[in-house]
Amino acid sequence: MLKRHISKVLLLLVYIYLYTPIFILIGNSFNASKYGLKWNGFTTKWYELLWNNDTLLQAAFNSITIAVFASSIAVAIGTLGAVALFKHQFKGKKFISGLLFVVMMSPDIVMAISLLALFIILGLELGFVTLLISHITFCIPFVVITVYSRLSNFDNAILEAGKDLGATEATIFKRIILPIAKPAIIASWLLSFTLSLDDVIVSSFVTGPSFEVLPLKIYSMVKVGVSPEVNALATMMILISISFVIAAALINKSDKSV
Amino acid sequence: MNMFKTAIKCVAAALLFSSSAYATTINFYNWSEYIPPGLLSRFTEETGIKVVYSTYESNESMYAKLKTYDKNGYDLVVPSTYFISKMKKEDMLQEIDHNKLTNYKNLDPSLLNKEYDLGNRYSIPYIWGATGIGVNTADIDLASVTSWTDLWDPKWKGQLLLTDDAREIFHMALKIQGHSANTQDETELAQAYELLKELMPNVLVFNSDTPANPYIAGEVEFGMIWNGSTYMAQQEDSDITMVYPKEGAVFWMDSLAIPKNAKNVDAVHKLIDFLLRPEVAAEVALEIGYPTPNSAAKKLLPKEFIENKIIFPDAETIANGEFHSDVGEANIIYERYYEKLKAQNL
Amino acid sequence: MNNSSMFKRFSIGILLVWLSVFVLLPNLMIIVTSFLTRDDANLISLTFTLDNYVRLFDPLYFKVLTHSVYMASIATFICLIIGYPFAYTISQLPKKIRPILLFLIIVPFWTNSLIRTYGIKVLLAKKGLLNALLLNLHIIDEPLRMMYTEFAVIFALVYILLPFMILPLYSSIEKIDKSLIEAAKDLGASKFTTFLKVELPLTLPGIIAGMLLVFLPAMGMFYIADLVGGAKNLLIGNTIKTQFLNIRDWPFGSAASITLTVFMAGLLFFYYKVGKSIKNRGNNA
């Protein structure tokens, strides 16, 4: 009984740890002080400013768009790859693992400049496409590692059995592997989405004037101080995310009752 | 799953229709918050020229990007002081036609024609500022602070804020030793390095965002600070102030410049001229909290802002300080020494 | 060609092509650059040199490297200590609420890292919340200096990277076959023995994945070192960024990046070998 309490306390503590800075910024989104270090009274003016700040809202929308596309594509490529790496012995296996490691290890700035150079050589115009390619690239290793670790230790005999029963590779993938890998796939999508949403250095080099993303906007404010509008924006985004969680939970519940 | 598909369709549609309907477009590459909200749409209403505003987080990354990607697509950038002279030297900028700028006359002559761009043929001053000594007078007697050497006092062990900028930090030592802050002389730099080594034990933080924060938060009471940040900090805590050291402060200027491959150069000149209007320049200065180089705009600003000696130091103080210009190959000496200094306390 | 091998070729091919074009090619350029010479006006001049690698032997870079390995290791270790029991506890909860709890882990991270870091600053500041709390509880008499210390850097690193530990761990703990644990219990194993002999080995892939996803990015989190570490508690990411942006010595920066990659690969390979031999010995015993 005691042990159960201890583990609940642990959960609670970790959530407090994760959410304290978030509560601070939510508080500051209503703080009249621009610097958010002292409480200067309640205000909603940052929300009003945000509402009229089209470029900031557009950048937020662009960021979410990129993050959704990049993480979905990275998850598709990475999951297929992880499954292939797990199932088959083939020549390029070490080569692929090596390149994945290189991506993980490359400092942001190195990836940024080398990708920029590549895009120049390929003659691609900087914008949505180049940004998407770059984000997919740095998300892939996170997907492969997460999915692969879930699959390893998994009994290959089931796959063999499937094959013996005449299932095609695609069927085996869909009917056996995907259900097993599902938690890892979801986890890696979430990780990729997070990475993409937050990238500054790579994005600043591989995007053009036509496609501005949020982190770039925010980091370029440091010189005069980050505007509390950003706190207001973050608060909105958190509220939207949390309402998604609640909605999903409710849908889940009604599914079960059917 | 269906919901997901619908979402993707919506996003795709939004992307397709977001392309503009304007004939002329200018791509303006700047710091965020350097333009008050709504200002650029006023320009668009007036001229029919659309301005796409994108932002960078440091001069260094702006430079690296423009240097590599020469079809850069940016029509107007805002480099700080010595990046103007560097980019000019490397043929990355094009000349600005002063005849097309009816409002050029509004600029303060004492801030024009500086060493980094004599005659201002490549740069139009936009916002300027100074780096001096930040003091929290709640704990420190203001009269006791007069010189950069005050930072070296051993009583500040582990307590100072320095700006995270090699040139600004060498500025202090070079000025104390009576040299130019733009020196390219190796022995002078070596001497300055030796002096700075003695300063390092006093350093708490090399600050890379606005220095107002650590002063307001009470993390630091003494160190370097920018004049605009001081003004901002004073709104929160009136004890915070800035001293212009007797050896001379650091001055910097963020200027409008046109990259070599800019298109729509005529439209860009129109935008520059718009930004030089007194009422526009005044609005910008108030938004950022830094001094404007626009004399005509000063008349439109609130009295307390204009009369603040920290924001607008007198001509003598400006003359005593120094603007940084490009030091060419010597830059690497500054940066390599700085690298060593930062790792000294590791 | 039958369907099966088409599917296999497709899944390997797409990853292989992607990595070759967008990772191998750019990195080949970096390798070439690392043998060229710096040029102030043109960034790079086409003169072959080995000097960039020779200069890396400066004790300065060694100091920064060992410091970042040290910081990243501590951060990874703390993430593991917090993350494992956390992921374990969640995996024991009813299936319905698990996804919600996991989702709540990741939601804070959809806020921009700079803004979150400012939140951490407010927490750790001299006049900040943590100090206020400790003062009110009379645990301390004077506010502690936490900002701009190694403590602050590690605090922020753990904060930023924790989900990268928890999610892979969870996905590998969750799949453990409950019957194995029951079997161990039936055989009279204590809870601790069961954990050590059954659960830990089975979740090892998840532990390794989590450690990789935390340790490697931790070395490069330059903005953490800048904003909460006061740019004194440098990580290797800061140094390499400085080479490219401030010093504009791209060849040297490239050489540093390549050396870092090779060094880390060597380090991981070493751990892998040691881990394997320990495992083998364990199996033989």
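The values are calculated or read from the model by the stated rules, or taken from the named source; none is laboratory data. It should be emphasised that the depicted structure is a prediction, and the values quoted were computed from it without experimental measurement. Note that each Cβ is placed from the backbone with ideal geometry, even for glycine, and that neighbours are counted across all protein chains shown. Note: areas computed on protein heavy atoms with side chains; ligands, DNA, RNA excluded. Shrake-Rupley method; radii C 1.70, N 1.55, O 1.52, S 1.80 Å.
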Check: Do we find a residue being touching a residue at least 40 places away in the same chain (Cβ under 8 Å) and over 24 Å from the mean Cα position of the chain (by Cα) anywhere in the range A:53-67?
Finding: yes
Next item on the list: May I ask you to list the residues in the range A:109-119 that are under 11 Å from B:Lys65 (Cβ atoms) and more than 7 Å from chain C (Cβ to nearest Cβ)?
Entry: A:Ala112, A:Leu116
Notebook entry, point to check: So, in the range A:33-87, of the ones that are of a type in the set (S, T, N, Q) and at pLDDT below 90, which residue ends up nearest to A:Val129 (Cα to Cα)?
Noted result: A:Thr55
Check: Which members of the range C:17-56 meet the condition of being in contact with a Leu (Cβ under 9 Å, 6 or more places away or on another chain) and facing chain A (nearest Cβ under 7 Å)?
Finding: C:Leu19, C:Phe22, C:Val23, C:Leu24, C:Leu25, C:Pro26, C:Asn27, C:Met29
Next item on the list: May I ask you to verify whether A:Ser243 is among the hydroxyl-bearing types (Ser, Thr, Tyr), in contact (Cβ under 8 Å) with a residue 40 or more places away in the chain, more than 8 Å from chain B (Cβ to nearest Cβ) and in a helix (DSSP H, G or I)?
Entry: no
Check: When you look at C:Leu227, is it within 14 Å of the chain's Cα centre (by Cα) and touching a residue at least 60 places away in the same chain (Cβ under 8 Å), yes or no?
Finding: no
Notebook entry, point to check: Pairs, please: C-beta under 6 Å, at least 6 apart or cross-chain, first residue under 12 Å from B:Ala343 (Cα atoms) and in the range C:54-70, second open to solvent by 30 Å² or more (accessible area, probe 1.4 Å) and among the hydrophobic types (A, V, I, L, M, F, W, C)?
Noted result: C:Lys63/B:Leu346; C:His67/B:Leu346
Next item on the list: Of the numbered conditions (1) in contact with a helix residue (DSSP H, G or I) (Cβ under 6 Å, 6 or more places away or on another chain); (2) free of Cβ contacts under 8 Å to residues at least 24 places away in the same chain; (3) within 7 Å of another protein chain (Cβ to nearest Cβ), C:Lys96 fails exactly one; give the number of that condition.
Entry: (1)
Margin query: Tell me yes or no: at least one residue of the range A:231-240 is part of a loop (DSSP other than H, G, I, E, B), touching a residue at least 60 places away in the same chain (Cβ under 8 Å) and surrounded by fewer than 21 Cβ atoms within 10 Å (Cβ to Cβ).
Written below: no
Next item on the list: Residue by residue through the range B:189-212, note down the ones that are of a type in the set (S, T, N, Q) and over 17 Å from the mean Cα position of the chain (by Cα).
Entry: B:Gln191, B:Asn202
Next item on the list: Could you grab me the full set of residues in the range C:118-128 that are more than 8 Å from chain A (Cβ to nearest Cβ) and not basic (Lys, Arg)?
Entry: C:Leu124, C:Gly128
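So that you can scan it fast, the table gives a plain yes or no per residue for (1) among the polar types (S, T, N, Q); (2) open to solvent by less than 40 Å² (accessible area, probe 1.4 Å); (3) closer than 20 Å to C:Phe252 by Cα:
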| site | (1), (2), (3) |
| --- | --- |
| C:Asp40 | no, yes, yes |
| C:Lys63 | no, no, yes |
| C:Ser68 | yes, yes, yes |
| C:Ala75 | no, yes, no |
| C:Gln92 | yes, no, no |
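So which residues in the range B:175-192 are part of a loop (DSSP other than H, G, I, E, B) and over 16 Å from B:Phe323 (Cβ atoms), if there are any at all? Talk me through it step by step, then tell me what you get.
The initial filter retains those residues of the range B:175-192 that are part of a loop (DSSP other than H, G, I, E, B), namely B:177-185.
If the condition is that a residue be part of a loop (DSSP other than H, G, I, E, B) and over 16 Å from B:Phe323 (Cβ atoms), then B:Gln177, B:Gly178, B:Asp185 are the ones that fit.
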Note to self: Just to be sure I understand the filter: pairs with C-beta atoms under 6 Å, separated by 6 or more residues or on different chains, first member in the range B:320-346 and under 22 Å from B:Gly178 (Cα atoms) and facing another protein chain (nearest Cβ under 7 Å), second member β-branched (Val, Ile, Thr) and surrounded by fewer than 17 Cβ atoms within 10 Å (Cβ to Cβ). Which pairs pass?
What the structure shows: none
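Does B:Asn308 qualify as being in contact with a Lys or Arg (Cβ under 9 Å, 6 or more places away or on another chain), more than 14 Å from every other protein chain (Cβ to nearest Cβ), touching a residue at least 24 places away in the same chain (Cβ under 8 Å) and closer than 26 Å to B:Thr230 by Cβ?
no
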Notebook entry, point to check: Which of the residues spanning the range C:1-24 are within 18 Å of A:His135 (Cβ to Cβ) and either modelled with pLDDT under 90 or of a type in the set (Phe, Trp, Tyr) (or both)?
Noted result: C:Trp18, C:Phe22
Check: Mind checking whether some residue in the range C:129-137 is at the interface with chain A (Cβ under 8 Å from one of its Cβ atoms) and without any contact (Cβ under 8 Å) to a residue 24 or more places away in the chain?
Finding: yes
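Applying the selection to the range A:120-130, what residues are within 11 Å of chain C (Cβ to nearest Cβ) and either in contact with an Asp or Glu (Cβ under 9 Å, 6 or more places away or on another chain) or not in a helix (DSSP H, G or I) (or both)?
A:Ile120
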Notebook entry, point to check: Of all residues in the range C:99-117, how many are facing chain A (nearest Cβ under 7 Å) and either not aliphatic (A, V, I, L, M) or not in a helix (DSSP H, G or I) (or both)?
Noted result: 8
Notebook entry, point to check: Does the range A:43-79 hold any residues that are open to solvent by 30 Å² or more (accessible area, probe 1.4 Å) and either touching a strand residue (DSSP E or B) at 6+ places or on another chain (Cβ under 8 Å) or of a type in the set (Asp, Glu) (or both), and which are they?
Noted result: A:Glu48, A:Asp54, A:Thr55
Check: On the given criteria, is C:Gly220 free of Cβ contacts under 8 Å to residues at least 60 places away in the same chain, more than 14 Å from chain B (Cβ to nearest Cβ) and closer than 29 Å to C:Asp39 by Cβ?
Finding: yes
Note to self: Residues that are at pLDDT below 90 and more than 29 Å from A:Ala60 (Cβ to Cβ): does the range C:159-170 have at least one?
What the structure shows: no
Check: Can you name the residue in the range A:88-125 that is open to solvent by 10 Å² or more (accessible area, probe 1.4 Å) and among the aromatic types (Phe, Trp, Tyr) and is also modelled with the lowest pLDDT among such residues?
Finding: A:Phe90
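Could you tell me whether C:Leu36 is of a type outside the set (Asp, Glu), open to solvent by less than 30 Å² (accessible area, probe 1.4 Å) and touching a residue at least 60 places away in the same chain (Cβ under 8 Å)? Let's see the steps before the verdict.
Values: of a type outside the set (Asp, Glu): yes; open to solvent by less than 30 Å² (accessible area, probe 1.4 Å): yes; touching a residue at least 60 places away in the same chain (Cβ under 8 Å): yes.
Yes.
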Next item on the list: Scan the range B:72-89 and give yes if some residue there is surrounded by fewer than 21 Cβ atoms within 10 Å (Cβ to Cβ), among the charged types (D, E, K, R) and touching a Lys or Arg at 6+ places or on another chain (Cβ under 6 Å), otherwise no.
Entry: no
Check: Going through the range B:121-174 one residue at a time, which ones are part of a strand (DSSP E or B), open to solvent by 10 Å² or more (accessible area, probe 1.4 Å) and not polar (S, T, N, Q)?
Finding: B:Tyr126
Notebook entry, point to check: Can C:Ile258 be described as modelled with pLDDT of 75 or more and not in a helix (DSSP H, G or I)?
Noted result: no
Next item on the list: Count, please, the residues in the range B:314-325 that happen to be in a loop (DSSP other than H, G, I, E, B) and open to solvent by 20 Å² or more (accessible area, probe 1.4 Å).
Entry: 1
